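K.L.:
Shown below is the structure under consideration.
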Amino acid sequence: MRISKHVNEVDEALSIYINQIVYDLKRSNRDVVTLSLGEAFFDLPALNMENIDVDKSYHYSDSQGLPSLRKKISKYYNSNYKSSINFDKNLLVSAGSKIIIFMCINLLTNPNDEVIIVEPSWLSYKEQIRISKGKIIGIPIHEKVSNYKKYVSSKTKLMIICNPNNPAGTIYSKKEIEIIYNLAKKNNFAVICDEAYSEFTNKNKFFSLARIDKNLENSLIVNSLSKNFGISGWRIGYVITNEKFIKKLTILNQHLITCAPTILSQYLSINFEKFENISKKQIADLLKKRKKIINYLKIKKINHVSGISTFYIFIKIDNFKNPIFDFSMYLLLKYNISVVPGISYGVSTEKYLRISIGTENLNKIINAIDKINKIKKKNNIDYNFLKKRIKEMGISKFEGKLKTKLF
């Protein structure tokens, strides 16, 4: 049987490909400095199931999300971001923000409709657009927001932005968010604003789209309790939008997911404020660590995107003669340091590496940066070693479009 053309065109997730090798190395007792994981490791208390209705937790719950949890989320957004969200009309909770973004893309696009993504863009946007048979229009890295209008056409149905940005750590200013919103309103397209890292920034610097589009006519704001509370394995995400969209997204959710995990939704509803308070201090410490690493990059004169938020840093590997994917594999298999190649995040970001500072201590990260810099300056990698190691480990070829000399 033949696989469908649009599924065949979808690339494997490169970050997950890299992290699977990391898991395999760790299982063979290798100590890997893990800078590839898209999460922060928090010190969280042991689960206390005392107040959980265990009998109910074994079963399905509301497809739109537990009302008690939706109330907590809407209160949180309205308090922190000066929005006016109604928990019943404007909010849906599902099993992670990833499936929600996919549902939002399908909600608003027909085959060959144009969807604009801003590079560096989280790697799943373009693949989800491909699955949905949309046409990807990429805005290259460092393009000014005032120039975004150049990429809009009569076929534009959707723009996806990530604020704060994964992988660069940059944030949009109030003025930039206003420009994007006005562009969408004028040209009658919608904006998916992925705010999954809203907690990993200075609250005074972060400006939510929900604060501008009060009626949520052109906006679908996606966020993640999993990410912001350091519980990525729990898969709890949500979307904020208008009542018409919520009703249709709930129908999609019924067919794709049914409901968010009942027991985890109950637990988060009861312990929402506790998770918020626990994560707040640890995020503040993580952002201080981020600042120290950025200062070190400046001292070493390592080119990077100067973001101030998230636990990601985007480093440029200037003038390296071989593919950056090969660079990252050499770094991992020779020196036990995992990073994600920049090609994952757009055509214009091929010569970058994403490092995540959420899982390792400062000294390990600094040492890893020194090793990255040393390999970059040497401008060469040992392909004989790499190919031999790949064969020994039985590492499969990456399934997708990628520049490499390894397979």
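The values are calculated or read from the model by the stated rules, or taken from the named source; none is laboratory data. Nothing here was measured: the structure is a model prediction, and the numbers come from that model. Note that each Cβ is placed from the backbone with ideal geometry, even for glycine, and that neighbours are counted across all protein chains shown.
K.L.:
Quick one: how many residues across the range 1-17 are touching a helix residue (DSSP H, G or I) at 6+ places or on another chain (Cβ under 7 Å), in a helix (DSSP H, G or I) and at pLDDT 90 or above?
P.N.:
2
K.L.:
Mind listing whichever residues of the range 39-52 are at pLDDT 90 or above and surrounded by fewer than 14 Cβ atoms within 10 Å (Cβ to Cβ)?
P.N.:
Correct list: 43 only.
K.L.:
Tell me, yes or no, whether the range 277-287 has at least one residue that is hydroxyl-bearing (Ser, Thr, Tyr), modelled with pLDDT of 95 or more and within 17 Å of residue 45 (Cβ to Cβ). Can you show your working first?
P.N.:
Step one: of the range 277-287, the residues hydroxyl-bearing (Ser, Thr, Tyr) are 279.
Adding the requirement that they be modelled with pLDDT of 95 or more leaves none.
No, the range 277-287 contains no residue that is hydroxyl-bearing (Ser, Thr, Tyr), modelled with pLDDT of 95 or more and within 17 Å of residue 45 (Cβ to Cβ).
K.L.:
Looking at the range 131-151, which of the residues that are in a helix (DSSP H, G or I) and among the aliphatic types (A, V, I, L, M) is nearest to residue 181 (Cα to Cα)?
P.N.:
145
K.L.:
Here is a list: 216, 220. Which entry is more than 25 Å from residue 281 (Cα to Cα), crowded, with 21+ Cβ neighbours inside 10 Å and touching a Cys at 6+ places or on another chain (Cβ under 6 Å)? Can you show your working first?
P.N.:
Details: 216 fails: touching a Cys at 6+ places or on another chain (Cβ under 6 Å).
Going through 216, 220 in turn, the sole match is 220.
K.L.:
Something else: Only one of 270, 221 is more than 22 Å from residue 152 (Cα to Cα), out of contact with any Gly (no Cβ under 7 Å at 6 or more places or on another chain) and either of a type outside the set (Phe, Trp, Tyr) or not in a helix (DSSP H, G or I) (or both); which?
P.N.:
Among 270, 221, only 270 is more than 22 Å from residue 152 (Cα to Cα), out of contact with any Gly (no Cβ under 7 Å at 6 or more places or on another chain) and either of a type outside the set (Phe, Trp, Tyr) or not in a helix (DSSP H, G or I) (or both).
Table: residues versus (1) over 26 Å from the mean Cα position of the chain (by Cα); (2) polar (S, T, N, Q).
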| position | (1), (2) |
| --- | --- |
| 43 | no, no |
| 55 | yes, no |
| 61 | yes, yes |
| 65 | no, no |
| 69 | no, no |
| 76 | no, no |
| 84 | no, yes |
| 94 | no, yes |
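K.L.:
Can you give me the number of residues within the range 275-313 that are under 30 Å from residue 54 (Cβ atoms) and in contact (Cβ under 8 Å) with a residue 12 or more places away in the chain?
P.N.:
Total meeting the criteria: 6.
K.L.:
Would you please name the residue that is surrounded by the most Cβ atoms within 10 Å (Cβ to Cβ), looking only at residues in the range 76-95 that are over 22 Å from residue 60 (Cβ atoms) and of a type in the set (Ser, Thr, Tyr)?
P.N.:
The selected residue is 77.
K.L.:
Mind checking which residues of the range 160-200 are closer than 19 Å to residue 310 by Cβ, acidic (Asp, Glu) and either more than 20 Å from the chain's Cα centre (by Cα) or surrounded by fewer than 23 Cβ atoms within 10 Å (Cβ to Cβ) (or both)?
P.N.:
Passing the criteria: only 176.
K.L.:
Go through the range 23-75 and give me each residue that's farther than 30 Å from residue 366 by Cβ, touching a strand residue (DSSP E or B) at 6+ places or on another chain (Cβ under 8 Å) and not in a loop (DSSP other than H, G, I, E, B).
P.N.:
69, 70, 73, 74
K.L.:
Residue check: is residue 247 more than 19 Å from residue 94 (Cα to Cα) and not hydrophobic (A, V, I, L, M, F, W, C)?
P.N.:
For residue 247, the condition - more than 19 Å from residue 94 (Cα to Cα) and not hydrophobic (A, V, I, L, M, F, W, C) - is not met.
K.L.:
Being crowded, with 19+ Cβ neighbours inside 10 Å, among the β-branched types (Val, Ile, Thr) and within 14 Å of residue 63 (Cα to Cα) is the filter here, so list the residues in the range 233-261 that pass it.
P.N.:
Within the range 233-261, 236, 239, 246 qualify.
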